[in-house]
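Take a look at the structure set out below.
The values are calculated or read from the model by the stated rules, or taken from the named source; none is laboratory data. Please read these numbers as outputs of a predicted model, since none were measured by experiment. Cβ coordinates were reconstructed from backbone atoms using ideal geometry, including for glycine residues, and neighbour counts include every protein chain displayed. These accessible areas exclude ligands, DNA and RNA; they are computed on the full protein's heavy atoms, side chains included. Shrake-Rupley method; radii C 1.70, N 1.55, O 1.52, S 1.80 Å.
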Amino acid sequence: MYTFSSKLKNLSFILMLLGALGIGYGFFTAPKNTKEVEAILATSHGEHHEASASETTHEAAPVHKEEAHATEVVKDSATLAVNHLDSIASHVEEGHVAAVATPVHDTHEAKAEGHEVANDAHAEHAEHLEHVLGQLQNKPWAALYVAALFFMLISLGVLVFYAIQHAAQAGWSPVLFRVMEALTSYLVPGAIIVYVLLVLSGLGFNHLFVWMDPEVVKHDELIQGKAGYLNVPFFLIRAAIFMGGWIFYRQYTRKNALALDETHDATYYKKNFKASAAFLAFFLVSESMMSWDWIMSVDPHWYSTLFGWYVFASFFVSGITVIALTTLYLKSKGYLENVNNSHFHDLAKFMFGISVFWTYLWFSQFMLMWYANIPEEVTYFKFRIEHYNLPFFGMVAMNFVFPILILINTDFKRVPWIISMAGIVILCGHYLDFHNMIYPATVGDQWFIGISEISSILFFAGLFIFVVFTTLAKQALLPKGNPLIEESKHFHY
């Protein structure tokens, strides 16, 4: 039996506490009005001029230039008017009033044009401030949403891997089943949190999903055409069905697995085999729709037919990576005595293989759209390359280049510290992947990895650790009733 150590439990509480405080700070410090936004932009703009090496600019700069230009026009117009009035006076004295009638009229027109330019500049500046206000107010929500979704999908990825092992009747993996079942236990609280965030979005507490804003939909024909699918009630109903199906399968197979240990009745094993096959069919449909609903719809003007597979590859490899890291931790503490280097080698092979699969999907999606150069498609990547250059290409290096260089070596797949290092880099890279999928449409170019993002990760990491290791401590780590357990215990090659 595993014992949840007090040190690890305290660590989880500390992470949750620090994370909660940071999340609250992020919401508290978000700008409340356009005056605060203007001050933020002014400060950032000043820092840009002071730091010559910085390439970060703000859209407020050209607006200020236009405003200054408009002011100069007004000043020039006023000067011109004074000059013409002086000219009128001199001509009146000479009896040539009629000759100056036209210049006086032109002066009034110049004044009117100057005021009109100034008003347009002020209106454009005010509109820009409102836009940036919405982006900055979205930022803590986006940080919370990305972290909540990422950890929940890690648990879902583990559940899919668990289902595949049952459906394939794999003989190498049963010694890892208790680890997988514990990791999937986070799916229940994780899904509830994500669903609450979706409900809050539907109620208008944030603007993560632009299609939920009636004012936007009223002036957008493209979103109006999708209203039959993208509407809040149907959106939440779909989410409840997806999450309900995943949680039901997890609870059902966990119950059967424990009953199998107690009774050694193969009927429970057969039930899990059938349930896993049915779940995988349900998952293939629900996961694709989930990725459209919860991720792709934040930018409803863009779509990709590869997107469901792309998202799946991202959280699937993350789930397998967490299985490997958790198993390594338990092994280092003296548990899982039947897990050997061959098991770690297989987990590392999956980490390597799915990383290559993810890269294939990333490149296929990017290359086809970039090469076609269709405006409504290529703008998705153009914005990310221009404003998210470092995280966009950085996560490719973390999710592909690093695993390729490290895990392609067979011997390295059996070295715990190398697997751990590769796993941490992969998890960080795929968090950036979800960050890149959500932030551009919700935060625009007002992004940075700050307190909100780090605190959200800390909170959900603490909750994840607490839930998973609490579940681990409830049952024996070896599923003795599984008919393939002996094959798994003696797995070597």
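In table form, for the structure just shown:
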| read-out | value |
| --- | --- |
| Matching entry among Phe381, Phe352 (being in contact with a helix residue (DSSP H, G or I) (Cβ under 8 Å, 6 or more places away or on another chain), at pLDDT 95 or above and over 19 Å from Phe464 (Cβ atoms)) | Phe352 |
| Hits in segment 319-339 (condition: at positive phi and either surrounded by fewer than 19 Cβ atoms within 10 Å (Cβ to Cβ) or among the β-branched types (Val, Ile, Thr) (or both)) | Gly334 |
| Of all residues making up segment 351-364, the number that are open to solvent by 10 Å² or more (accessible area, probe 1.4 Å) and in contact (Cβ under 8 Å) with a residue 60 or more places away in the chain | 1 |
| Filter result for Ala182 (in contact with a helix residue (DSSP H, G or I) (Cβ under 9 Å, 6 or more places away or on another chain), modelled with pLDDT of 95 or more and open to solvent by 10 Å² or more (accessible area, probe 1.4 Å)) | no |
| Which listed residue is under 19 Å from Phe177 (Cα atoms), surrounded by fewer than 21 Cβ atoms within 10 Å (Cβ to Cβ) and in contact (Cβ under 8 Å) with a residue 40 or more places away in the chain, from Phe307, Phe279, Phe316, Phe273 | Phe273 |
| Extreme residue, nearest to Arg254 (Cα to Cα), among residues of segment 282-292 that are among the aliphatic types (A, V, I, L, M) and open to solvent by 50 Å² or more (accessible area, probe 1.4 Å) | Leu284 |
| Those residues of segment 449-466 which are open to solvent by 40 Å² or more (accessible area, probe 1.4 Å) and in contact with a Lys or Arg (Cβ under 9 Å, 6 or more places away or on another chain), in sequence order | Phe466 |
| Cross-chain or 6+ apart pairs with Cβ under 6 Å, segment 2-22 first and more than 9 Å from Ser455 (Cα to Cα), then assigned to a helix (DSSP H, G or I) and of a type outside the set (Ser, Thr, Tyr) | Tyr2/Leu472; Phe4/Phe469; Ser12/Gly462; Ser12/Ile465; Ser12/Phe466 |
| Meets criteria (on the phi < 0 side of the Ramachandran plot and in a helix (DSSP H, G or I)) for Phe491 | no |
| Hits in segment 419-477 (condition: outside any helix (DSSP H, G or I), farther than 28 Å from Asp299 by Cβ and touching a residue at least 12 places away in the same chain (Cβ under 8 Å)) | Ala473, Gln475, Ala476, Leu477 |
| Sole exception among (1) open to solvent by 30 Å² or more (accessible area, probe 1.4 Å); (2) in contact with a Lys or Arg (Cβ under 9 Å, 6 or more places away or on another chain) for Phe393, by number | (2) |
| Subset of segment 247-268 (residues that are in contact with a helix residue (DSSP H, G or I) (Cβ under 6 Å, 6 or more places away or on another chain) and more than 23 Å from Ile192 (Cα to Cα)) | Asn256, Ala259, Leu260, Tyr268 |
| Filter result for Val217 (over 17 Å from Ser286 (Cβ atoms), free of Cβ contacts under 8 Å to residues at least 60 places away in the same chain and crowded, with 18+ Cβ neighbours inside 10 Å) | yes |
| Residue in segment 217-258 that is farthest from His166 (Cα to Cα), counting only those that are of a type in the set (Gly, Ala, Ser) and either at pLDDT below 95 or in contact with a Pro (Cβ under 7 Å, 6 or more places away or on another chain) (or both) | Gly225 |
| Leu405 vs. criteria open to solvent by 30 Å² or more (accessible area, probe 1.4 Å) and closer than 20 Å to Phe307 by Cα | no |
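For every residue, the table says whether it meets (1) part of a loop (DSSP other than H, G, I, E, B); (2) under 22 Å from the mean Cα position of the chain (by Cα); (3) crowded, with 19+ Cβ neighbours inside 10 Å; (4) not aromatic (Phe, Trp, Tyr).
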residue: Ile192; (1), (2), (3), (4): no, yes, no, yes
residue: Trp211; (1), (2), (3), (4): no, yes, yes, no
residue: Gln224; (1), (2), (3), (4): no, no, no, yes
residue: Pro233; (1), (2), (3), (4): no, no, no, yes
residue: Ala240; (1), (2), (3), (4): no, yes, no, yes
residue: Phe248; (1), (2), (3), (4): no, no, no, no
residue: Ala257; (1), (2), (3), (4): no, no, yes, yes
